[in-house]
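The values are calculated or read from the model by the stated rules, or taken from the named source; none is laboratory data. Predicted model, so just to flag it, every value in this text is computed and none were measured. Cβ placement follows ideal geometry from the backbone for every residue including glycine, while neighbour counts extend to all protein chains displayed.
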Ligand code: C2G
């Protein structure tokens with residue numbers, strides 16, 4: 001019997017942690033459905049993404065481990081989705097450990113270890129730090145680079 005797996009997430013600044021999660025999820029069954037949080041729902045979660053919903057959904061959908069993408073619009077939809085898509089396993093990263101145990105009445109629930117050392121928040125903070133570099137320093141760095149370029153010509 002084909003097994004259907006369901007997960008949800010924001011997947012902003014798509015990175016290796018997201019990819020490895022999809023790979024491991026796809027190994028749990030035959031069909032992987034991913035609920036991608038809409039921008040409105042993320043606002044409810046107190047999250048602001050850099051990449052808008054339609055692009056995040058397109059990126060996730062193009063991943064070879066993913067069979068179907070649905071929008072995640074509210075906290076209540078999971079039980080509905082489990083029944084609508086005949087889901088066998090709900091799985092998510094262990095940063096949500098225990099938070100979705102209520103789904104055990106409807107399907108198997110699995111929490112997977114996160115990939116260490118990478119997160120969308122961390123990537124966004126690195127970008128913010130870059131943006132904080134004083135303009136003068138950036139201009140000086142540019143001068144050095146241009147000088148190097150001339151030296152090598
Ligand atoms: N993840 C991971 N390793 C990382 C970062 C993230 O395995 N280094 C996993 C998370 O554990 C989660 C998924 O990638 O299962 C998506 O993470 P987020 O985009 O941060 O999703 P989140 O905002 O936590 O949304 O209803 C549930 C929510 O939609 C989850």
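Beta carbons closer than 8 Å, at least 6 apart along the sequence or on distinct chains, pair a first residue in segment 88-117 that is free of Cβ contacts under 8 Å to residues at least 60 places away in the same chain and farther than 14 Å from residue 5 by Cβ with a second that is assigned to a helix (DSSP H, G or I) and within 8 Å of the ligand (Cβ to nearest atom) for 113/94. Could you check, for segment 132-149, whether at least one of its residues is free of Cβ contacts under 8 Å to residues at least 60 places away in the same chain, surrounded by fewer than 14 Cβ atoms within 10 Å (Cβ to Cβ), within 15 Å of the ligand (Cβ to nearest atom) and assigned to a loop (DSSP other than H, G, I, E, B)? The answer is no; no qualifying residue exists. Do we find that residue 58 is touching a residue at least 40 places away in the same chain (Cβ under 8 Å) and either within 16 Å of the ligand (Cβ to nearest atom) or under 20 Å from residue 37 (Cα atoms) (or both) in this structure? Judged against the criteria, residue 58 is not a match.
Annotation: residue 107 fulfils all but one of (1) surrounded by 15 or more Cβ atoms within 10 Å (Cβ to Cβ); (2) touching a helix residue (DSSP H, G or I) at 6+ places or on another chain (Cβ under 9 Å); (3) closer than 18 Å to residue 23 by Cα; the unmet one is (3).
Would you check which residues across segment 1-11 are in a loop (DSSP other than H, G, I, E, B) and either modelled with pLDDT under 95 or more than 9 Å from the ligand (Cβ to nearest atom) (or both) and list them?
Here is the first cut: in segment 1-11, the ones in a loop (DSSP other than H, G, I, E, B) are 1-3, 10-11.
Within segment 1-11, 1, 2, 3 meet the criteria.
Tell me, please, whether a residue that is within 9 Å of the ligand (Cβ to nearest atom) and over 29 Å from residue 127 (Cβ atoms) can be found in segment 78-97.
Initially, segment 78-97 is screened for residues within 9 Å of the ligand (Cβ to nearest atom), giving 78, 91-96.
Checking the rest, the ones that are also over 29 Å from residue 127 (Cβ atoms) come to 78, 91.
For segment 78-97, residues within 9 Å of the ligand (Cβ to nearest atom) and over 29 Å from residue 127 (Cβ atoms): present.
Name every residue in segment 66-85 that is surrounded by fewer than 19 Cβ atoms within 10 Å (Cβ to Cβ), part of a loop (DSSP other than H, G, I, E, B) and touching a strand residue (DSSP E or B) at 6+ places or on another chain (Cβ under 6 Å), in order of residue number. 67, 85 - these are the residues of segment 66-85 that are surrounded by fewer than 19 Cβ atoms within 10 Å (Cβ to Cβ), part of a loop (DSSP other than H, G, I, E, B) and touching a strand residue (DSSP E or B) at 6+ places or on another chain (Cβ under 6 Å). Considering only residues that are assigned to a loop (DSSP other than H, G, I, E, B) and near the ligand (Cβ under 7 Å from one of its atoms), look in segment 16-50 and name the one that is nearest to residue 81 (Cα to Cα). Residue satisfying both the conditions and the ranking: 45.
Mind checking which residues of segment 114-131 are assigned to a loop (DSSP other than H, G, I, E, B) and surrounded by fewer than 11 Cβ atoms within 10 Å (Cβ to Cβ)?
The initial filter retains those residues of segment 114-131 that are assigned to a loop (DSSP other than H, G, I, E, B), namely 114-119.
Within segment 114-131, 116, 117 qualify.
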